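Working notes for the structure below.
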Amino acid sequence: MRDKQLLLAVIIGSALAPLATLPAESGGYYVRVMNVILLYCIITSGLSLLMGYAGQISLGHAAFFGLGAYGSGLLAVKLSLSPWLAMPIAVLGTALVAAAVGVPVLKLKGHYLAMATLGFGEIIYVFLKELNWLTGDPAGLIGIPPFKLFGRELISSISQYYLTWAFLSAVLLISVSLIRSRIGRALRAIHGDELAAGALGVDVSRLKLQVFVLSAVYGAVAGSLYAHFEGFIGYSTFGLMLSIKLVTMVVIGGMSSIWGALLGTAVLTALPQFLTVFKEFEMAVYGAILIGTMIFSPKGIAGALARRRGVERGKAAA
Amino acid sequence: MKGGKPLLEIRNVKKSFGGIRAVDGVSFEVNPGRIKAIIGPNGAGKTTLFNLISGLYPLDSGEIRFKGRRISGLKPHRIASMGIVRTFQNVRLFPEMTVLENVMVGAHRLGKSGFLASIFKLPGTVREERRIREIAMEMLEFVGLADQADLPAGELPLGRQRLVELARALAARPELLLLDEPAAGLNIKETEELGELIVRIRERGVTIALIDHDMSLVMDISDEVVALNEGRKIAEGTPEEIRSNPLVIKAYLGEEGL
């Protein structure tokens with residue numbers, strides 16, 4: 001029940017959000033920031049399914065974002081494909097890569113899985129960096145065409161925002177259906193006790209792989225959107241720092257629900273925009289926030305909110 | 001149905017861990033509709049045997065058959081989906097999930113909707129989900145925990161956690177239920193109630209194999225008993241026969257005599 005209500009609240013809330021910025025001079029700027037938030041939310045909701053629900057960590061998700069971005073961008077630039085066609089091809093390709101990587105890597109657990117996914121992320125990073133003849137000179141891949149809808153190019157911030165919004169809404173609908181299903185329950189069972197889940201007939205390795213691929217697909221969708229929004233991509237965007245940021249967003253928001261991930265993404269994306277003083281020390285601030293969250297609220301912001309509500313309910317009952 | 005064909009056949013099964021023979025050539029059968037107890041002192045190989053049956057470890061040699069089909073070598077989830085479901089010596093619930101959700105995971109094998117069907121909420125998934133919930137509630141009522149359905153499983157006392165684990169196993173509609181020391185950590189009253197519950201489970205047509213360490217529960221409810229010591233079968237028979245078997249007495253006294 002609660003998931004459905006929150007789903008509706010997020011979809012409607014994010015649809016209305018740009019209205020709040022309209023009268024302001026800098027409306028376009030805020031819409032751009034919100035677009036980035038929604039874009040990251042697409043990735044982190046997948047990471048939340050993988051980490052928070054299935055209990056499997058990935059420190060290489062920037063790679064899927066990068067594969068989606070470069071795949072879609074290259075298809076559009078080199079083969080002159082429409083972005084609408086380039087996107088599904090890039091996403092499918094990324095899904096295949098994720099499946100191929102996932103089969104061996106997901107046999108690992110805990111820190112070993114973290115290291116292996118980190119290694120995978122670095123491998124993709126190096127490929128994007130060194131395959132200059134393909135991915136463009138060190139400056140990056142330029143001239144990526146924007147999406148077109150009804151004959152108009154989606155260049156304005158607001159049009160791009162609503163395209164991201166449409167994709168995020170679809171991603172959340174899908175994710176909530178999954179969470180509330182037999183499969184979602186099995187994923188949480190894997191998180192709780194892999195061995196016990198297997199002994200009840202849950203196909204542990206298959207489900208782990210499926211949710212890993214789904215989270216990679218979300219990453220690739222976000223990557224493709226990003227490439228066609230920006231028109232230009234450089235390899236440096238898709239490194240370890242981004243992977244860590246994404247994980248941080250999920251953890252800080254709260255791993256026990258997808259809504260926590262969205263909250264963490266919004267907070268950590270918006271924060272640097274308002275605390276520009278920290279610019280140089282952005283990662284240090286990220287680290288400090290992560291440490292603080294782990295010490296004071298291991299279940300993240302969402303966990304702290306839920307606990308507070310619980311306390312108030314307890315007071316009311318008393 | 002009771003044409004004499006055993007439900008589970010264990011044939012000359014061997015398993016070593018780093019040179020230690022945990023299970024050393026054990027053979028016996030479990031017949032449908034019976035309660036079979038496996039007893040033995042610590043280190044006799046009882047739990048290892050269960051882990052071999054449920055596919056957690058591969059066998060070194062020998063063979064295990066269920067309803068005539070070879071199951072040794074299959075993955076745990078395949079074995080479970082054939083109808084062999086187990087509980088664990090140290091209760092293994094999903095602590096963050098509610099009691100009801102735990103039991104619903106038990107009914108996982110009764111559902112068919114896969115990953116894509118769940119994502120796109122294909123017709124049928126909702127009906128299936130409702131059925132899984134009904135089965136789970138029914139099993140919670142059976143073990144007497146229906147009123148605790150929405151509590152986090154990890155917060156229950158041990159005795160209740162054991163009942164949740166039992167309900168979870170029953171929700172899988174097993175043909176063969178493996179209970180690994182179900183009375184461990186329970187007081188005398190709880191143990192008696194558990195014994196009654198196990199008999200009622202058998203009345204539902206479930207065949208049961210159970211491990212017991214101290215023989216207290218076993219002797220009252222079992223039809224047949226297998227005694228293991230140091231990885232080998234030392235005796236098999238009715239509870240009375242086992243109780244008076246000199247080898248069994250020696251195995252237990254020998255342990256206590258140390």
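Nothing in this text is a laboratory measurement; each read-out follows from the coordinates by a stated rule. Everything quoted here is computed from the prediction, not taken from an experiment. Here the Cβ is made from the backbone with ideal geometry for all residues, glycine too, and neighbour counts use every protein chain on show.
Observations on the model:
- Förster radius 35 Å - calculated FRET efficiency between B:Asp223 and B:Asp60 (Cβ-Cβ, nearest 0.05): 0.70
- Shape analysis of chain B places it in the prolate category; the axes a ≥ b ≥ c from the Cα gyration tensor give an a/c of at least 1.5, with a/b above b/c.
- Farthest toward the positive end of the dipole of the protein assembly as shown, out of A:Val285, A:Leu85, B:Pro152, is the Cα of A:Leu85, where the dipole comes from beta carbon charges about the Cα centre.
- Using the Karplus relation 6.51 cos²θ - 1.76 cosθ + 1.60 with θ = phi - 60°, the per-residue 3J(HN,Hα) values for segment A:39-55 come to 4, 5, 4, 4, 6, 6, 5, x, 4, 5, 4, 6, 8, x, 8, 7, x Hz, with x marking Gly and Pro.
- Excluding same-chain neighbours fewer than eight residues apart, the lysines reachable from B:Lys67 by a Cα-Cα span under 30 Å are B:Lys2, B:Lys5, B:Lys14, B:Lys15, B:Lys36, B:Lys46, B:Lys75, B:Lys112, B:Lys233.
- Calculated FRET value between B:Phe120 and B:Asp150, using beta carbons and R₀ = 30 Å, to 0.05: 0.60
- Listed values for segment B:32-39 are Karplus-derived 3J(HN,Hα) couplings in whole Hz (6.51 cos²θ - 1.76 cosθ + 1.60, θ = phi - 60°), namely x, x, 9, 10, 10, 9, 10, 10, and x replaces Gly and Pro.
- Taking chain A as the region of interest, the number of lysine pairs whose Cα atoms are within less than 30 Å, with members eight or more places apart or on different chains, is 24.
- Taking amide H positions as modeled 1.01 Å from N, with prolines and chain starts lacking one, the residues under 5 Å from B:Asn31 and 5 or more places away or on another chain are B:Leu7.
- The fewest-to-most ranking of A:Ile89, B:Ile188, A:Ile301, A:Ile155 by surrounding Cβ atoms within 10 Å reads B:Ile188, A:Ile155, A:Ile89, A:Ile301.
- Global form of segment A:19-85, assessed from the alpha-carbon gyration tensor, a/c cut-off 1.5: oblate
- Residue-averaged beta-carbon neighbours from other chains (10 angstrom radius) around A:173-185: 6
- Peptides A:284-296, A:61-73, A:161-173 ordered by packing proxy, namely the average of other Cβ atoms within 10 Å per residue, highest first: A:61-73, A:161-173, A:284-296.
- Sequence-distant residues sharing a close amide H with B:Ile38 (under 5 Å, placed H): B:Leu210, B:Ile211, B:Asp212, B:Val226
- Per-residue mean of foreign Cβ neighbours for A:221-229 is 0 (Cβ atoms of other chains, 10 Å radius).
- Rounded, prolate or oblate (a/c below 1.5 giving rounded, otherwise prolate when a/b exceeds b/c) for segment A:2-235 by Cα gyration tensor: oblate
- Likely footprinting exposure, A:Lys129, B:Lys36, B:Lys121, fewest C-beta neighbours within 10 Å first: A:Lys129, B:Lys121, B:Lys36
- Look at the stretch B:80-91: the mean tally of other chain Cβ atoms within 10 Å of its residues' Cβ atoms is 2.
- For peptides B:100-110, A:114-124, sequence by mean Cβ density within 10 Å, most packed first: B:100-110, A:114-124
- Our helix-only sum for chain A, with -39,500 (n - 2.57) per DSSP H run of n ≥ 4 divided by its residues, gives a mean residue ellipticity at 222 nm of -24500 deg cm²/dmol.
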